[in-house]
Each structure stands twice: as C-alpha cells, then as structure tokens.
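Trainee: The structure that follows is given in the form of structure tokens.
Just so it is clear, none of the values below were taken in a lab; they were calculated from the coordinates. Quantities reported herein were computed from a predicted structural model and do not represent experimental measurements. Here the Cβ is made from the backbone with ideal geometry for all residues, glycine too, and neighbour counts use every protein chain on show.
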Amino acid sequence: MLFSSLKAIAIFLLGTEARYIKRSDGLTIRSRYPVAKQPLSDIVAGPVTLPLRKIQSRDSALYSFVTVPNGTTISIDALRGGTEFSAQVVLGDSTVELLVDTGSSDTWAVQTGFTCTDFQTGVPTSEAVCGFGPVYTPSSTFKRIPNETLSIEYGDHETAHGVFGTEKVTVGGITVDQQIAVVTEAMWSGDRVTSGIIGLAYPAITEAFSRNHTRTPYDPIFTSMFKAKLISNNYFSLIIERNISGPAGYLSFGGVPPIAFTQNFTATPIMITTIPGYPKAVDFYTINIDRMQVNGKPIPTSGGSAIEYIIDSGTTLNYIPSSVAKAINAAYEPPAKYSAAGGAYVVPCNAMPPAVSVDIGGTAFPINPLDMIIQMANDTCVSTWNDGGPSISHDLYILGDAFMKNVVSLFDVGAASMQFAGREF
C-alpha cells in the first residue's frame, strides 16, 4: 500500500487500495544496488504446523495462527472477496486484524473513541461509517512517545492521524516491544474486519514525525523481531492462496510456510531508490525484472535495469508500463478495453486471458489465468494488468497480489535480495 505523497491513485471499480506511483514531471528516479549484509539465506521450513482456530466473519472466513519451530507462520485472512489480506495481531490486551502490507512500514490500529470523518461532507460522523473492525484499547503496557505523530493520506484519499507509542505486540506467538501508531482520527472506507495495518517494509519509509515536522525513522516490527533475536533468520516469506475457502495465505517470519511449492528459488537484488522526502536507503522491496512475455513473445520495455517494480502485498493489481499493459490487454479474447472513468482495463467476465509470464533472474514465472481477471460486485470484470504510467524514468511500477499468488515471495532482508519460487500452476 503506497502513500499519496507518492501520487498514488485508487481504482474505484475495486473499492480497494490498488494503486500505482506517479512521479512529478521532470523528476528522474535513480537507483543503485545495496551492499548485502550476508549471502543469500538458506531456506528453512518448519517441520510442524499447528492449526488453532477458524472463525466466520461478516466478510470472509478468518483464521488464527499457525506456528512452526525456527520460524513463525501466520495464516492470512482474505477480505473483500480476496482483494485484501490480514493477519491476527495482539496489541497489549486487544486482538485485532491488520492488513498485511509489504508496501509500507508502520504498524497502526484505530483506538477506542477515535473520530471518524465522513468522506462526502468532511465532518465528524459515527465510528461505524469508517468501517473498522474491533478497535484497539491502549493497555497499561502502552507508553506514549512524546511529540511523535502519524499523519498519512492514502491514494484513495483515506487518511489516518494519531500518536506513537510502544506496546507489547504479539504476532504468531512472538511478542516484541514495538513502536506503533494509535490512530485517533480517520477518514476511512473499511471492510469491518481490519483495524489497521501491519507494515513490513524498511525503516526508511516509516511515517513518524516530530513536532517540527522532521521525519524520525524507527524500526518496523520485522526489524525489531530480528534485532531482539526473536527469529533466527533475517527474512520473512509470504504465500497468498488463490482459493479462500481455507486460509487465504501464510506469512512466515524467519522461515517459509510448510506448504507445497517448487523448492528452486530464484534471487534478484533489492534496489535502493532515491525518493524526495525520504532517506537515501532501502525503502520498498524494489526489483528489476528481465521481461514480461505474452503468448511466448517478449514485450519491449517491460524489464531491464531502467524499469523498477515494487513487490507490494497491499495492492491488488499489477501496475506496469503503459505500453506493456496495452500489449497484454490487447491479447485477451476479446481484448480488454481501458476505462478512463474507472481507471482500469474492463474485460468480459468470460474472456480468455493470454499466456503471460514474468521473468526474474533468468526464471519465467507463469501467471495463472485465474489471477488475470477480477469480477466486481456489479458483474463488471477488470484485467489485473493495469496502466502504471508511460514513463520508465518517472514511474515506479508494482507487482501486487495478482502476481504474488503465483509465487512464494521471500523477502531476504539480510541478503538485500528478493527470492521467488513458483507455485503449482
């Protein structure tokens, strides 16, 4: 999930946080390879899985923790028909569902008695209008950090404002003293399940500001876990399932989920991008790809060192260069047509998607046709290959959930690399 300070836009057809990043005119993105702290991590799978509970909610089936030795695996819950994914987190004495987001770094939850602002009128209204799940009640273990505030506006104009503090946070059986944000004011369009976000990106893009509006980066939750030696391996992995009748996926800290997949991982470096207003450090999980192919033919300007893609679990669609989106969508039978009003490629729900692969590190990762069309509540269908902007020097692109359903994504922080393994097609 990406902030509107990066000029993200929302897709109103989806009613979710699908976005791309648009840079200001004349701004050139610069990137370089970081220095890896260690070689590529060994792949460790936990030998034991313990399912604990299954809960039915208004919007979807919710599932509890699954834990494995030498690593922690959390089952992920699908929301809005599979367009968002959440995990159960305990903040002090409050148990909440938080959106799993590799495209941001802050962990926050809305608190008891927050002020909800109506989207249309801009005036305070009832809490129910914002559509959050169970709220967080600050416990005796919450310690306010003086003069640090959170103020975020997302691409669909949702906003969250609040304060920072430290709290005992438990995720998948791991408890860590963690800096979190407590949201006291919000303008939000929620799913009535999630109460906030668990951000898994780097410290450089945390959104804590001091009284004089200076950014004060801090360690996000995964960084805190590793520094406290609560996990033995400096990586986490994410599997997003296609079938949401069971767990919608798994998030594993320090290992990979014990789920069947191809064990041959392919690695590619995580890039450092220069973003105005942020420290010059690793920020998003940004990579280069070799290319994309449609029906066996490479698509020009789809990959290479000049084009960068963020691996973002908080975004539903893939946001790719305009010419690449045009080529893929033209290959649907019948072709997908771009709707300027909707901001997406609209396609008949019974259309036949083309054969598409995303090639990374010399390995082709085919995309299942089931992940190339999303049906809306109004029986409108859209392609998951969306226009992310025409300029490879001004735009960062996104490989979102539609791509991630086809791979095991291993965020190898210690080795400054992304590793991918193909799933069963």
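Trainee: So if we plug the beta-carbon distance of PHE119 and ASP177 into 1/(1 + (r/R0)^6) with R0 = 41 Å, what FRET efficiency do we get, rounded to 0.05?
Mentor: Numbers: r = 36 Å, r/R0 = 0.87.
Once rounded, the FRET efficiency stands at 0.70.
Trainee: If amide H atoms are built 1.01 Å from N in the plane of the peptide, which residues on other chains or at least 5 residues away come under 5 Å of the amide H of GLU308?
Mentor: Hits under the 5 Å cutoff: TYR397.
Trainee: Can you give the net charge of the other residues whose Cβ lies under 10 Å from the Cβ of PHE365, counting K and R as +1 and D and E as -1?
Mentor: Working: positive: ARG423; negative: ASP359.
Net of charged neighbours comes to 0.
Trainee: Tell me, what is the FRET efficiency for CYS349 and THR137 to the nearest 0.05, using R0 = 45 angstrom and their Cβ-Cβ distance as r?
Mentor: 0.55
Trainee: Please compare each pair in LYS297/LYS326; LYS326/LYS405; LYS143/LYS168 to a cut-off of 18 Å on the Cα-Cα distance and tell me which ones are over it.
Mentor: The pairs that break the limit, which is 18 Å between Cα atoms, are LYS326/LYS405.
Trainee: Another question, if that's okay. If amide H atoms are built 1.01 Å from N in the plane of the peptide, which residues on other chains or at least 5 residues away come under 5 Å of the amide H of GLU148?
Mentor: Under 5 Å from the amide H of GLU148 lie the amide H atoms of PHE164, each far enough along the sequence or on another chain.
Trainee: Any idea which of GLY190, THR166, PHE132 is furthest toward the positive side of the dipole for the stretch 116-201, if Lys and Arg beta-carbons carry +1 and Asp and Glu beta-carbons -1?
Mentor: Highest projection toward the positive end goes to THR166.
Trainee: Please list the non-local residues whose amide H lies under 5 Å from the amide H of VAL44, H modeled 1.01 Å from N, same-chain partners needing a gap of 5 or more.
Mentor: VAL256
Trainee: Here's something else I'd like to know. Could you tell me the calculated FRET efficiency between ASP42 and ARG215, based on Cβ-Cβ distance and R0 = 25 angstrom, to the nearest 0.05?
Mentor: Numbers: r = 35 Å, r/R0 = 1.40.
For ASP42 and ARG215, the calculated efficiency is 0.10.
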